[in-house]
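Just so it is clear, none of the values below were taken in a lab; they were calculated from the coordinates. Keep in mind the model is a prediction, meaning the values are calculated, not measured. Cβ: placed from backbone, ideal geometry, glycine included. Neighbour counts: every protein chain shown.
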Amino acid sequence: MTYITFINNEGIELPCSKKTKQKMENEKLEMKKHIAIKLRERAEDVAFMFSMPDRKQNITEESFTLSDIKPLSDATAVVTYLKNTGKKACAFFYYLYTYDKWNYFFPTDSHILGMEKFGETKLDVESQNYPLNL
């Protein structure tokens, strides 16, 4: 059986259907303008929410300012905030197409390690599922 593969933005070769491969080659995976605008708006809202001095876990009354947005794919980004203490914080933002909205969390090292392992497992599962799609 011949597998059709596509190399994604991170340089990883993934199994895919012929239709998907053509779509990916014709349309680069890039963040659409309206989604990018929603990302900036959501990132600014998060900075505002985390800057509230009466926020439950804001014991030191830190304030957050949006510093940088780095898109990682068409539906993910790292958003960096500068705190009034001079420290920085980074959040992982992910876009949910079904709900047309951005969610986020501030990942720990444990989250990052877990997602790296998840990526390996996901690739294995997709490779096993691919022949069943034919």
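What tally of residues in the range 45-82 results from selecting those that are charged (D, E, K, R), touching a Ser or Thr at 6+ places or on another chain (Cβ under 7 Å) and assigned to a strand (DSSP E or B)?
Looking only at that region, the number is 1.
Go through the range 83-104 and count every residue that is hydroxyl-bearing (Ser, Thr, Tyr) and not in a strand (DSSP E or B).
Counting residues in the range 83-104 that are hydroxyl-bearing (Ser, Thr, Tyr) and not in a strand (DSSP E or B) gives 4.
Write out, first by first residue and then by second, each pair whose Cβ atoms fall under 8 Å of each other, whose residues are 6+ apart or on separate chains, and whose first residue, in the range 75-102, is without any contact (Cβ under 8 Å) to a residue 24 or more places away in the chain while the second is among the hydroxyl-bearing types (Ser, Thr, Tyr) and not in a strand (DSSP E or B).
If the second residue must be among the hydroxyl-bearing types (Ser, Thr, Tyr) and not in a strand (DSSP E or B), the pairs left are Lys83/Ser63; Asn84/Ser63.
Name the single residue that is nearest to Thr108 (Cα to Cα) among those in the range 48-91 being of a type in the set (D, E, K, R) and surrounded by 12 or more Cβ atoms within 10 Å (Cβ to Cβ).
Per the criteria, the residue is Lys88.
Quick one: Glu41 ticks every box in (1) touching a helix residue (DSSP H, G or I) at 6+ places or on another chain (Cβ under 9 Å); (2) exposed (fewer than 14 other Cβ atoms within 10 Å of the Cβ); (3) within 14 Å of Asn103 (Cα to Cα) bar one, so which box is it?
(1)
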